[in-house]
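Before any comments, here is the structure.
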Amino acid sequence: MKKLTFILGLAVIASASQAVTIANWTFETSAPAGAGPHNAEVGVGLASGSHSVGTAVYSSPVGNGSARSFSSNTWSVGDYYQFQFSTAGLGSLVFGWDQASSNTGPRDFQLQYSNDGTSFTNFGSVYVVLANASPNPTWNSTVGSSLYSYSVNLSSVTALNNQANVWIRLTDASTVSANGGVVSVGGTDRVDNVLATATAVPEPATMAALGLGVAALLRRRKK
């Protein structure tokens with residue numbers, strides 16, 4: 001009986017650490033034709049875009065191994081794609097996405113996060129987005145390329161744990177284009193397969209009781 005209880009306790013701990021999907025945007029049903037917000041296809045969340053200068057054109061061209069993505073032009077430094085969702089009862093956030101630009105679209109982006117929607121903090125370094133053009137494989141509806149895939153583990157940012165709302169932004173960080181020139185008005189950037197996952201956070205009382213029970217069993221086994 002002691003052995004069974006010990007095993008069950010370990011099973012509870014293991015199950016609490018399994019990743020769950022918070023929100024997944026494939027843009028297959030939302031088919032963006034504007035800045036949004038656009039609902040996630042799986043889970044609950046909102047995706048949107050923001051451009052400070054001019055009138056950006058939003059569209060849903062072919063994705064990275066799917067029929068649609070979220071695309072826009074008229075990029076300036078500080079413009080962004082934004083994803084909002086809840087981490088209530090969850091922690092150890094992981095955020096993944098696919099992203100590509102046209103030759104004259106923006107190359108350099110910065111991931112930012114917030115738990116109030118007003119104050120945003122940079123996470124990691126500026127990352128480079130590849131051109132969706134030869135010699136790179138071009139996006140198509142049947143075969144996705146991992147060259148365009150990104151993933152960021154935000155588990156170290158405890159301020160994002162158990163929050164009613166979390167915001168993630170992919171923000172244009174320079175005027176350099178994907179082909180090494182200067183971003184043009186018609187240059188585009190697109191995102192696809194955006195996925196936010198996290199792990200369940202057990203109630204403190206539950207974990208405390210479980211910890212005491214396992215500790216007691218271990219002491220008995222040593223006697």
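Summary of packing: across the peptides 162-172, 34-44, 117-127, the per-residue average of other C-beta atoms within 10 Å ranks them, highest first, as 162-172, 34-44, 117-127.
Placing T55, T158 in order of accessible area, with the largest value first and a 1.4 Å probe, yields T55, T158. An oblate overall shape is assigned to region 22-64, the ratio a/c of its alpha-carbon gyration tensor axes (a ≥ b ≥ c) being 1.5 or greater and a/b not exceeding b/c.
When all alpha carbon pairs of region 44-113 are counted in 10 Å bins from zero, the resulting P(r) reads 15, 48, 30, 7, 0 %. Placing dummy labels 7 Å off each Cα toward the beta-carbon, the span from N39 to N179 is 4.0 nm. In region 87-198, Cα pairs under 8 Å separated by at least six residues give a relative contact order of 51 percent.
Over all Cα atoms in region 73-186, the spread is summed up by Rg and Dmax: 15.3, 45 Å.
The values are calculated or read from the model by the stated rules, or taken from the named source; none is laboratory data. Keep in mind it's a predicted model, so treat the numbers as computed, not measured. Here the Cβ is made from the backbone with ideal geometry for all residues, glycine too, and neighbour counts use every protein chain on show. We work out accessible area using only protein heavy atoms, side chains counted, and drop any ligands, DNA or RNA first. Shrake-Rupley method; radii C 1.70, N 1.55, O 1.52, S 1.80 Å.
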